[in-house]
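The values are calculated or read from the model by the stated rules, or taken from the named source; none is laboratory data. The shown structure was predicted, so the numbers you read here are calculated from the model rather than taken from an experiment. Cβ atoms come from the backbone with ideal geometry, glycine included; neighbour counts cover every protein chain shown.
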Amino acid sequence: MNRQSFLIYALATGLTASTLSLPTTANAETAVAFETKVMYTNHGVYARTAPNTTSSIVTTLAKNTELQVIDGSKKSWYRVLLDGEIVYVYGQYVTSEKPTTTPALKVVKKGYVSKAKLSVRASASAKGKKRGTLKEGATVQLTQNYTAASKDTFFQVLYKGKVGYVEAKHITFTKKEVATTKTGVVRNIGTVTLKVRQEPSVTSTILGTLQKGEKVKFATAYKKDAAVEWYKIIYKGKPAYVSAQYVTLVFPNEK
């Protein structure tokens, strides 16, 4: 193909002087060089051999892939130069906006939940989508966006590797120790004795009885207001069980 024939071919196929460099060698058919502009994928998308969804798939492009775009339209298809070949990418998934890199969140302070159940939300609003719940005493990791100003109503926290928000008024920076006890006292049994059983069941074998006012030694420490039906105690040197409703927990400094 001579120079004149090449120009006719270029015009017939839609190429212009701004999008090609004219060949100077005998191998004119492979010497075309396109001027491209950089664009990016905004979603995972297929690169195809032709501008339609029935054509063969060349490869899959990940989100934020940099593209060398020759021409095209967001409403149709973009012609793209990929590894020396021309492919087509659907315009809806191509953008001229360069992807922004989100900086890694930095934990700057630890706090503790002071509410029985505290919601973690996707935005700094009581109406924000709920992402999870934290229990009282749980540790929260406050991010670099944390401020100590009393006007803050929500703190930004790192929750399961993602950004979350919790109400500031339910976060304290002093860990609260929950009182526990290893001692109890028998109560509210009237003139009846409290049965000590081998297992936590009213049908279990009775090992003995306790009188009203008699002290009980627990096998493990119990938290205040623990919602349990049976307490595991030490009775005559061995593990046993008593009904929790008849035993009052005795905590340090309490009479």
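Among the residues making up the range 43-81, a single one is of a type outside the set (Ser, Thr, Tyr), outside any strand (DSSP E or B) and surrounded by 16 or more Cβ atoms within 10 Å (Cβ to Cβ): Pro51.
Inclusion of Leu105 among residues that are within 25 Å of Asn64 (Cβ to Cβ), in contact with a strand residue (DSSP E or B) (Cβ under 7 Å, 6 or more places away or on another chain), modelled with pLDDT under 90 and outside any loop (DSSP other than H, G, I, E, B) is not warranted. Residues that are in a strand (DSSP E or B), touching a Gly at 6+ places or on another chain (Cβ under 8 Å) and of a type outside the set (Ser, Thr, Tyr) do occur in the range 196-205, at least one of them. Under the condition of being hydroxyl-bearing (Ser, Thr, Tyr) and either in contact (Cβ under 8 Å) with a residue 12 or more places away in the chain or touching a Ser or Thr at 6+ places or on another chain (Cβ under 8 Å) (or both), the residues counted in the range 96-131 number 6. Selection of the range 114-140 for residues being exposed (fewer than 13 other Cβ atoms within 10 Å of the Cβ), charged (D, E, K, R) and farther than 14 Å from Phe154 by Cβ yields Lys117, Lys135.
Selection within the range 196-255: residues that are hydroxyl-bearing (Ser, Thr, Tyr) and under 26 Å from Lys176 (Cβ atoms). The member of this set that is modelled with the lowest pLDDT is Tyr222. Inspect all residues belonging to the range 82-91 and state whether any of them is at positive phi and surrounded by fewer than 16 Cβ atoms within 10 Å (Cβ to Cβ). Yes, the range 82-91 has at least one match.
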